[in-house]
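Notes for the one structure printed next.
The values are calculated or read from the model by the stated rules, or taken from the named source; none is laboratory data. These figures come from a predicted structure and were not determined experimentally. Every residue, glycine as well, gets a Cβ built from its backbone with ideal geometry; the counts of neighbours run over all protein chains shown.
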Amino acid sequence: MSEYVLAIDIGGTNVKAGLVDRAGNVSHMIHTPSRAAEGRDALFDVLRAIIQEQKTRAPIVAVGCGSPGCVDHYRGTIVYMQAHIPNWSGVPLARYLADWAGVPATIDNDVNLIALGEHWLGAGRGAACQLSLALGTGLGGGIVINGRLVRGARGRAAEFGHVVVRPGGEPCTCGNFGCAEVYAAPGAMARRAQWYLKSGVPTALHSARRVSAEEIITLAAQGDHLCRKLFHDALTSLAQLIWILTQTFDPDLFVIGGGMVKAGDAFFKPLRQELSSFYAAPELQPMVTIKASELGDNAGIVGAAKLAWDWLDGIDRS
Ligand SMILES: [Zn+2]
C-alpha cells in the first residue's frame, strides 16, 4: 500500500490540504476557510479537523505545512507574523501538528514551499540556483540552491518584496519607501490604481468591473495611459529587482508565479525587454532564464509534501 504525507498550505483566507505520495501525486485535496481572522484557536480547530478527515483516507507518515510569516523551520515555530492571523507569533506549530496527527511534522514559510515545489516537480526542475518570485497581495520570494532551500540565519531570507528599487519612492507596509512590492505586486498595483482613480485621472479603469493587475495589463495593451504607466512601473521595478538578484546570486532560473503570469507574452516579453536595458553591452546579458510557474496554486502543497518527505529522509533537519 502506498504511503502518503499530509501537505497543508495555510493562507490568511483558506487552508488547502492534500495527500501526496513519494512521486508527488496529489489526491484528496481539501479547500476550507482558515477562520484565521477569528484567531489562532479557530485555525487550530480547522487544522485538527483536516488531519482527522485525511487520516481516515490513507495512512499518513508525516505532515508538511506552509504558513505565512517568518517561520523557523528547524525549531518548528512561527517566529513572527503580521496581523493576518492574530496571536500566530510564537506558536510551536510543528509540535502541535505532530501531536494531532501522531506522526512527525515539519513547517516552513509558505513562499519557500512554493519555491521548493516548483523545483521538485515544476518549472524549476534541474535548476542549480532557482529564485522564485510570488506576485500576489505582496511580493514573496524563495531561494533553492542545489535542491535545498536557503533560509538565512533567522529564517527571513528571500524577502525580495522589500528590496528597495526606488529610493525615496512610495511608502511600503514595512515602513520603508520604494520597495519592489509597492510597484510590482498585483495587490499594490490595484491599490495604486485606486488612488489615481480617486484623484480623477481619466482612464478606462473607471468603467472596469474590477480593478486588478490583469485588468490593468489588458487596458495597457489597448493604450490606456494610466494603465500603461502602472504596468510600466511594475515592469521596471520587477526588472530592477531581478537585476539586483542576478548580481547577488548568479541564478540560472527565475520562476515567477501569481495571476499576472497568466497574461503570458504580454507580461514576459516587456519584462525581458526592461531587463535587457540594464546591460550596456549585449555580451553582458546574463545567462538567466525567466519562466512562469508550472504548478500554479498547487505549488505550495507540492512543496510542503517535499519538505515532509525530505524530513523523513533526514534531509535538511538541522
Ligand atoms: Zn517594504
Problem - Selected residue [in contact (Cβ under 8 Å) with a residue 24 or more places away in the chain, aliphatic (A, V, I, L, M) and in a loop (DSSP other than H, G, I, E, B)] from 50, 85 - result: 85
Handout entry: Cross-chain or 6+ apart pairs with Cβ under 8 Å, segment 1-21 first and in the same structural domain as residue 304 (by TED's automatic domain parsing) and touching a residue at least 40 places away in the same chain (Cβ under 8 Å), then in a strand (DSSP E or B) and among the acidic types (Asp, Glu)
Key = 16/9; 17/9
Exercise for the section: Evaluate segment 81-89: report whether one residue or more is surrounded by fewer than 15 Cβ atoms within 10 Å (Cβ to Cβ) and either among the β-branched types (Val, Ile, Thr) or within 16 Å of the ligand (Cβ to nearest atom) (or both). Expected result: yes
Problem - Condition broken by residue 62, with the remaining ones in (1) modelled with pLDDT of 95 or more; (2) assigned to a helix (DSSP H, G or I) satisfied - result: (2)
Fill in the blank from the handout: Scanning segment 248-291 for residues that are among the hydroxyl-bearing types (Ser, Thr, Tyr) and modelled with pLDDT of 90 or more, the one nearest to residue 117 (Cα to Cα) turns out to be 289
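Right, residue 192: buried (at least 17 other Cβ atoms within 10 Å of the Cβ) and either in a helix (DSSP H, G or I) or of a type outside the set (Phe, Trp, Tyr) (or both) or not? If you could, list the steps in order and put the result at the bottom.
Details: buried (at least 17 other Cβ atoms within 10 Å of the Cβ): yes; either in a helix (DSSP H, G or I) or of a type outside the set (Phe, Trp, Tyr) (or both): yes.
Yes: the conditions hold for residue 192.
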Exercise for the section: Would you confirm whether any residue within segment 133-146 is out of contact with any helix residue (DSSP H, G or I) (no Cβ under 8 Å at 6 or more places or on another chain), within 15 Å of residue 257 (Cβ to Cβ) and not basic (Lys, Arg)? Expected result: no
Exercise for the section: State which residue pairs qualify: first residue within 18 Å of residue 254 (Cα to Cα) and inside segment 272-286, second residue surrounded by 10 or more Cβ atoms within 10 Å (Cβ to Cβ) and at pLDDT 85 or above in any location, beta carbons under 6 Å apart, and separation of 6 or more residues or different chains. Expected result: 274/235; 274/236; 274/239; 275/239; 275/242; 278/243; 286/246
Practice task
Collect the residues in segment 150-185 that are more than 10 Å from the ligand (Cβ to nearest atom), within 17 Å of residue 113 (Cα to Cα) and assigned to a helix (DSSP H, G or I), keeping them in residue-number order.
Solution key: 160
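Report whether or not residue 147 is surrounded by 24 or more Cβ atoms within 10 Å (Cβ to Cβ) and away from the ligand (no atom under 16 Å from the Cβ). Before the answer, list the steps.
On the way: surrounded by 24 or more Cβ atoms within 10 Å (Cβ to Cβ): no; away from the ligand (no atom under 16 Å from the Cβ): yes.
It is false that residue 147 is surrounded by 24 or more Cβ atoms within 10 Å (Cβ to Cβ) and away from the ligand (no atom under 16 Å from the Cβ).
Could you check how many residues of segment 108-149 are assigned to a helix (DSSP H, G or I) and either closer than 17 Å to residue 245 by Cβ or aromatic (Phe, Trp, Tyr) (or both)? Don't jump to the end; show me each part of the working.
Of the residues in segment 108-149, the ones assigned to a helix (DSSP H, G or I) are 110-121.
Now drop any that are not either closer than 17 Å to residue 245 by Cβ or aromatic (Phe, Trp, Tyr) (or both), which leaves 111-112, 114-115, 118-120.
Here the count works out to 7.
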